[in-house]
Amino acid sequence: MKVSRFGGFSNKDSACLSPKLLRNIPGTEPQSVSCASLNKSGTLARRRKNKIMKRLNAVVRLTFWLVMMFAIVFLVRAESSDKRISTPRTKSAPPIRIFDQNGQPGQPAVNGVPSPTGVSVPVTVGGGNGFQFVPDTVNISVGDTVEWTWVNNGHSVTSGTCDAADSQFCSPDDMNCAAGILSNQGTIYTHTFAQAGIYHYFCDAHCTIGMNGVVNVSGGCTPSGWSAGPDLNPPNGAVRLAGVYFQANGKFYAMGGRSSDAAGSEFTNPFEYDPGTNSWTTKSASYPDTHTNNMACGVLSDAGTPYIYCVGGSQVTVTGTFDRVFRYDPVMDVITPVAAPWPGGLGMVLPGGFTVFNNKLYILGGFDTITNAGQGTNQIWEFTPPTTWVQKAAVLPVPLGYLPTTTIGSLIYTGGGSDITAGALTDTTNSFVYNPMADTIGTIAPIPRATGETRHGRLTSMA
Ligand SMILES: [Cu+2]
């Protein structure tokens, strides 16, 4: 039974990686990776103004939210791990409006569906400790859109540095930016960036306590923009890794995988790519086991701290798979087990396509390596930190393994995937769109070329 397979990119933003570099992460198409500036913002200039009332208000609200967050975390941890702890998110927001770089209304956008030339990147307003933009740094390309969603009351998105609006854009409607109009929970504000640059923004009520953000807009990808990068650490190449962009530090991680199909060739440590130095580093943290091929990995936050979660996986020449979950903290370089094995693994199913939406990891389909000598599965699973697994009611219209899968806006798309019959893998053109909030799935136009045994590339409309 031949089980060759991919490496992949699981991320919301992708770094500029070269074809040479990408060749060492099988299954990745160079054109599917968006170029994005990964420059961190510098320290924001602060300007003092008379904000006594707003600060007092902020302290009261901060205290309230800290108490609330503690209570929520406590209650969630007290839940049994198999109990659904979340309800579908509902948005009671005004219609989205997209404004161009000059503040002029552009074409109306359908919620979650990006324009053909760009992607939509979500940012939470009032996330984190309640007074943060999460993530506070977004790296996008020209033509991409940032979608800010308010999760609590009394915030603004105002371009400029703290208390110094520059009126390039602002919530709720790009008008009278200097006024610092505050909006409430459920509000959605979007802005499409038509020009490259570094765009600072802040919350008019809370910038003095650190509620600031930055959008780095790179010039966009063109074929001539590719340049050579360093090879992945293992000189003989690597297969079956899961690629993850970690937005919090702007670095890219290759998780798991192995150097060959020979027994014992599994990698034991994560690899880290730093776009700033254009170099790879082998990290010190080591994997908890050797079932590190074909894992499903993605960035999820637990109690406000982002981690790379990895689910399942196989070991070359060893029958069966693992269902375990672990998480990697790239900042601390620590791997810890997560006491919530994937119920869909059953010791024999490799995760299929995977992607993250709304701080949940979704696994679509999979490869049952045992039943009928190997067959595809159609289940859809959802993992929410810290420990909750839910099998969704919707299923893939046809069983598939190794689906290229990604999130665009609020929808999850698949393009192709492997039909697995009696252990034989065949590329297909099956393509679906899954709505994780409605738990519905539908068929979209088939991918033009049969595709399988690969993971998704991202984050452009060319994926
Ligand atoms: Cu605020």
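Out of everything in region 162-176 that is away from the ligand (no atom under 15 Å from the Cβ) and not aliphatic (A, V, I, L, M), what residue ends up being surrounded by the most Cβ atoms within 10 Å (Cβ to Cβ)?
Here is the first cut: in region 162-176, the ones away from the ligand (no atom under 15 Å from the Cβ) are 164, 166-169, 173-176.
Applying the additional criterion that residues be not aliphatic (A, V, I, L, M) yields 166-169, 173-174, 176.
Details: Asp166: 15, Ser167: 14, Gln168: 20, Phe169: 26, Asp173: 15, Asp174: 21, Asn176: 11.
Out of the qualifying residues, it is Phe169.
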Quiz item: Taking Thr388, is it of a type in the set (Val, Ile, Thr), under 20 Å from Gly298 (Cβ atoms) and at pLDDT below 95?
Solution: no
Practice problem: Taking Gly347 as meeting all but one of (1) in a loop (DSSP other than H, G, I, E, B); (2) under 19 Å from the mean Cα position of the chain (by Cα); (3) small (Gly, Ala, Ser), write down the number of the exception. | Solution: (2)
Quiz item: buried (at least 16 other Cβ atoms within 10 Å of the Cβ) and either under 24 Å from Asn293 (Cβ atoms) or outside the structural domain of Ala303 (by TED's automatic domain parsing) (or both): does that describe Leu396?
Solution: yes
Practice problem: Considering each of Val138, Val125, Val119 in turn, give the residue that is within 12 Å of the ligand (Cβ to nearest atom), outside the structural domain of Leu411 (by TED's automatic domain parsing) and surrounded by 20 or more Cβ atoms within 10 Å (Cβ to Cβ). | Solution: Val125
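Being assigned by TED's automatic domain parsing to the domain that holds Val349, surrounded by fewer than 23 Cβ atoms within 10 Å (Cβ to Cβ) and either out of contact with any strand residue (DSSP E or B) (no Cβ under 9 Å at 6 or more places or on another chain) or not hydroxyl-bearing (Ser, Thr, Tyr) (or both) narrows it down to one of Thr319, Thr305, Thr281, Thr290, so name that one. Before the answer, list the steps.
Numbers: Thr305 fails: either out of contact with any strand residue (DSSP E or B) (no Cβ under 9 Å at 6 or more places or on another chain) or not hydroxyl-bearing (Ser, Thr, Tyr) (or both); Thr281 fails: either out of contact with any strand residue (DSSP E or B) (no Cβ under 9 Å at 6 or more places or on another chain) or not hydroxyl-bearing (Ser, Thr, Tyr) (or both); Thr290 fails: either out of contact with any strand residue (DSSP E or B) (no Cβ under 9 Å at 6 or more places or on another chain) or not hydroxyl-bearing (Ser, Thr, Tyr) (or both).
Going through Thr319, Thr305, Thr281, Thr290 in turn, just one is assigned by TED's automatic domain parsing to the domain that holds Val349, surrounded by fewer than 23 Cβ atoms within 10 Å (Cβ to Cβ) and either out of contact with any strand residue (DSSP E or B) (no Cβ under 9 Å at 6 or more places or on another chain) or not hydroxyl-bearing (Ser, Thr, Tyr) (or both): Thr319.
Does region 259-269 contain at least one residue that is under 18 Å from Met332 (Cα atoms) and either of a type in the set (A, V, I, L, M) or not assigned by TED's automatic domain parsing to the domain that holds Gly298 (or both)?
So the first thing to find is which residues in region 259-269 are under 18 Å from Met332 (Cα atoms), and the list is 268-269.
Still in the running and either of a type in the set (A, V, I, L, M) or not assigned by TED's automatic domain parsing to the domain that holds Gly298 (or both): none.
For region 259-269, residues under 18 Å from Met332 (Cα atoms) and either of a type in the set (A, V, I, L, M) or not assigned by TED's automatic domain parsing to the domain that holds Gly298 (or both): absent.
Only residues that are more than 7 Å from the ligand (Cβ to nearest atom) and either of a type in the set (Val, Ile, Thr) or in contact with a Phe, Trp or Tyr (Cβ under 6 Å, 6 or more places away or on another chain) (or both): list them for region 197-211, please. Spell out the reasoning first.
Within region 197-211, the subset more than 7 Å from the ligand (Cβ to nearest atom) is 197-202, 204, 207-210.
Scanning region 197-211 gives Ile198, Thr208, Ile209.
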Quiz item: Of the conditions (1) part of a loop (DSSP other than H, G, I, E, B); (2) more than 16 Å from the ligand (Cβ to nearest atom); (3) modelled with pLDDT of 95 or more, Glu147 fails just one. Which one is it?
Solution: (1)
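The values are calculated or read from the model by the stated rules, or taken from the named source; none is laboratory data. Small disclaimer: the values here were computed from a predicted structure and weren't measured. As a convention, Cβ positions derive from the backbone with ideal geometry for all residues, glycine included, and neighbour counts pool all protein chains shown.
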